[in-house]
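Peer 1: What follows is a single structure, and I will ask about it in a moment.
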Amino acid sequence: MSTPEHAPDQNAQFDAIVVGAGFAGLYMLHRLRRSGRTARVYEAASDVGGTWYWNRYPGARCDAESLAYSYSFSPELEKEWSWSERYATQPEILKYAQHVADRFDLKRDIRFERQVEAAHYDEADRKWKVSTDEGDTASAPILIMATGCLSVPLVPDIPGLDDFAGRRFQASLWPHEGVDFSGERVGVIGTGSSAIQAIPQLAEQAAHLTVFQRTPNFSVPAHNCPLDPEFQAGFKANYPEHRRLHRLGLGSGFGDLQVEPREFGPAVESALSLSDEEFDAVCEGLWQKGGAIFLTASADIVVDERANARLADFVHRKIRATVRDPETADALCPTSHPIGTKRICVDTDYYATFNRDNVRLVNLRRTPIERIVATGVDLSPENPGDEGEHIGLDSLVLATGFDAMTGALNRIDIRGAGAARLTDRWAEGPRTYLGLMIAGFPNLFTITGPGSPSVLSNMLVSIEQHVDMIMDCLGEMETRGATIVEATPDAQEGWVAHVNEVANATLMPKAGSWYMGANVPGKPRVFMPYGAGVGVYREVCEGVVEDGWRGFSFSS
Ligand code: FAD
Ligand code: N01
């Protein structure tokens, strides 16, 4: 790590400390400052942007439409910033984050290249004491975790990985200077959203690309396109109404470029109420519009296995119609989880890429990786007695995902009242009230924490809601003359039970997804986000506030 620009803070005092300078940390800092509070943000990266700072792999872009995946808190910002495409690229989103930081003069309160290692609540002092890997020590009555849901990359535990003598890259820790794969034999491990965005671009560049797939994912076309300035101006003229719909979660809040507001929500209540031809027509319409709204084909997709199977079958037929080699097409068809129970991928030319002569899919279910060696990957034989295959590689790309939702929090030594460790409290899975506070951890807030819609939503919508609610809560503390706010254990237990109940009423727990913690060895299998949608969640939060902050205890 390079030398940080600023000397470490020594026993510095602030009204609030924020960890993370992605979209959550930036907006939090802006609101804190605007309220006259002093704040310090610590960020491990050397710049703002979070996800969009770290994930620079080829093809990285958002899958929520940019006009929706952007801040709504400042009409001036909305007006002055223009997006060039329906789904902006990573460089453009990063530029936007940098623009926001500059426009609101946020960087002066951010300390970069500082990894927060510990946060301990001092009950006598009623302050959180925070320390970083660069030796910063600081304290504040309020601590806000803006550490991200997908900010801890996972390195797979594959035998021999470190023996590989070629170049190795992690999609989520991509070199800033970019990588030239021209003339190379490249391998990609993983077929989640990151890989599905990267593969078509890697295939264009590399001499040969091998895709190592353990589990296929469902992917729908993005139908990305440039944004016509006139169209954008018209959209912005009606921004307040669009934003209102995004906040209600209609169309999942993912965007509405291709959808008339009246079309928001599921196309039909039940896929089973339609004939095959009728349902196919609904699916085809959504497929042509592009994006995650494909999952809104019918309301029962996430709750009824037969309805779900019909939507999955439609995608299988699309894959088979696109991919010429039947064995490859077959391997690309997901069958081990219902559609929508893992994050749907949104792609540009993903399936068609497998028709290229220089691309090969290796189905790891048939021939698992035996080990990685200096010159490439050794596969296990398909049949006992056969020779295993060696695949020679110059470069290896790991697109193997994240320790999602709890990973960044659990990596910090967080201790609350009575020096209780967060990792102990969460040993059997995260427990929060509204995904916002944790009983026994006074004045500690988590932005888009587990137990909130977070990763099931357009995250910008959820981030803004949480930041606004935290600010309201701080205001309530002032009004009541309170120095401490805390979630009550009863409210937390009730919320955890409700989150589980909502998840269990759906097909979501049927998948071995990262939503369930299933991608991390030893992680408790608990469905972590709140699945009732951002509209319902917002209503719940408003009800909590109207009831005098039900479930929160204020004391002085
Ligand atoms: P992050 O952007 O993850 O920022 C958290 C920051 O905290 C990071 O910079 C990290 O370095 C820092 N941090 C963490 N721990 C520490 C510590 N201990 N000390 C110091 N700093 C720390 N969501 C959508 O809604 N739509 C999309 O289209 C979309 N696309 C995505 C594409 C990719 C490739 C990925 C990985 C995620 C995507 N997401 C998307 C989810 C995305 O993470 C959120 O949309 C959003 O950017 C999260 O912002 P954040 O500030 O909460 O977290
Ligand atoms: O990670 P993933 P991701 N051997 O966990 C495979 C957001 N995002 O970075 O399923 C072989 O989805 C693993 O296989 P399996 C979005 O929320 C959004 O792609 O465990 N393979 C899987 O295929 C997304 O959901 C965008 O069998 C191994 C892959 O690695 C989230 O981030 C773009 C393996 C990991 O897929 C995470 O996406 C990018 C092993 N040992 C990310 N270990 C947008 O488009 C893991 N795998 C907006």
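The values are calculated or read from the model by the stated rules, or taken from the named source; none is laboratory data. Just so it is clear, the model here is predicted, and its values are computed rather than measured. Glycine also receives a Cβ, built like all others from the backbone with ideal geometry; neighbour counts cover every protein chain displayed. Surface areas here come from the heavy atoms of the whole protein model, side chains and all, with no ligands, DNA or RNA. Shrake-Rupley method; radii C 1.70, N 1.55, O 1.52, S 1.80 Å.
Peer 1: With angles folded into 0 to 90 degrees, how steeply does helix 193-205 sit against the dominant principal axis of the chain? Use alpha carbons for both and round to 10.
Peer 2: On a 0 to 90 degree scale, this one is about 50.
Peer 1: I'd like the carbon and sulfur percentage of the solvent accessible area for the chain, probe radius 1.4 Å, heavy atoms only, ligands and nucleic acids excluded.
Peer 2: 48
Peer 1: What is the magnitude of the charge dipole of region 366-435 about its Cα centre, with +1 placed on the Cβ of each Lys and Arg, -1 on the Cβ of each Asp and Glu, and no other charges, expressed in debye to the nearest 20?
Peer 2: It comes to approximately 800 debye.
Peer 1: Follow-up question, since we're still on this one. With both bridge residues required to lie in the chain, what share of the DSSP beta bridges run antiparallel, to the nearest 5%?
Peer 2: Restricted to the chain, the bridges split so that about 40 percent are antiparallel.
Peer 1: While we're here: In sequence order, what are the phi-derived ³J(HN,Hα) couplings for region 392-409 according to the Karplus relation 6.51 cos²θ - 1.76 cosθ + 1.60 with θ = phi - 60°, rounded to whole Hz, with x for glycine and proline?
Peer 2: x, 9, 8, 9, 10, 10, 9, 10, 9, x, 9, 7, 7, 6, 10, x, 5, 6
Peer 1: Need the full-extension length gain, residue 550 to residue 10, defined as separation in residues times 0.36 nm minus the C-alpha distance. One decimal, nm.
Peer 2: 190.6 nm
Peer 1: On a 0 to 90 degree scale, rounded to 10, what angle separates helix 90-103 from the longest Cα axis of the chain?
Peer 2: 20
Peer 1: Here's a follow-up. Mean separation of Cα pairs under 8 Å and 6+ residues apart, divided by the residue count of the chain: what relative contact order is that in percent?
Peer 2: Worked out over the chain, it gives 19 percent.
Peer 1: Please compute the per residue accessible area over the chain with all protein chains in place, 1.4 Å probe, rounded to a whole number of Å².
Peer 2: Computed with neighbouring chains in place, this is 40 Å² per residue.
Peer 1: Work through the residues other than residue 341 whose Cβ is under 11 Å from its Cβ and net out their charges, Lys, Arg +1 and Asp, Glu -1.
Peer 2: So the surrounding residues net to +2.
Peer 1: Under 5 Å between amide hydrogens, which residues at least 5 positions from residue 111 or on another chain qualify, with H placed 1.01 Å from N in the peptide plane?
Peer 2: The list, which skips near neighbours in sequence, is 41, 42, 43.
Peer 1: Could you list which residues have their amide H under 5 Å from that of residue 402, counting only those 5 or more apart in sequence or on another chain, with H placed in the peptide plane?
Peer 2: When sequence neighbours closer than 5 places are left aside, the close amide H contacts are 154.
Peer 1: Could you list, in their original order, any pairs among 95/127; 107/127; 95/342 whose Cα atoms are separated by more than 31 Å?
Peer 2: Exceeds cut-off: 95/127.
Peer 1: What is the packing order of peptides 315-325, 224-234, taking the mean over residues of other C-beta atoms within 10 Å and listing the highest first?
Peer 2: In decreasing order of mean packing, 315-325, 224-234 become 315-325, 224-234.
Peer 1: Relative to the longest principal axis of the chain, what angle (0 to 90°, nearest 10) does the C-alpha long axis of helix 239-248 take?
Peer 2: Helix 239-248 sits at roughly 90 degrees to that axis.
Peer 1: Next question. At R0 = 51 Å, how high is the FRET efficiency between residue 330 and residue 77 if r is their beta carbon distance? Nearest 0.05 is fine.
Peer 2: 0.60
Peer 1: If I take every Cα pair under 8 Å that is 6 or more residues apart in region 34-151, average their sequence separation and divide by the length, what percent do I get for the relative contact order?
Peer 2: Computed over region 34-151, the figure is 29 percent.
Peer 1: Using unit Cβ charges (K, R positive; D, E negative) and no other charged atoms, how large, in debye to the nearest 20, is the dipole of the chain about its Cα centre?
Peer 2: The dipole of the chain has a size of about 580 debye.
Peer 1: When a/c is below 1.5 the answer is rounded, else prolate if a/b is larger than b/c, else oblate, so apply that to region 1-109 with a ≥ b ≥ c taken from the square roots of the Cα gyration tensor eigenvalues.
Peer 2: oblate
Peer 1: Which one, 333, 183, 373, is farthest towards the positive end of the dipole of the chain when Lys and Arg carry +1 and Asp and Glu -1 on their Cβ?
Peer 2: Of 333, 183, 373, it is 373.
Peer 1: Quick one: Karplus J couplings for region 340-353, per residue in order, coefficients 6.51, -1.76, 1.60, θ = phi - 60°, nearest Hz, x for Gly and Pro?
Peer 2: After applying 6.51 cos²θ - 1.76 cosθ + 1.60, I find x, 8, 10, 4, 5, 8, 10, 10, 10, 6, 4, 5, 4, 4 Hz.
Peer 1: What list of ³J(HN,Hα) couplings, whole Hz, do you get for region 425-442 from phi and the Karplus terms 6.51, -1.76, 1.60, once you set θ to phi - 60° and write x for glycine and proline?
Peer 2: 4, 9, 4, 9, x, x, 10, 9, 9, 6, x, 10, 9, 10, 4, x, 10, x
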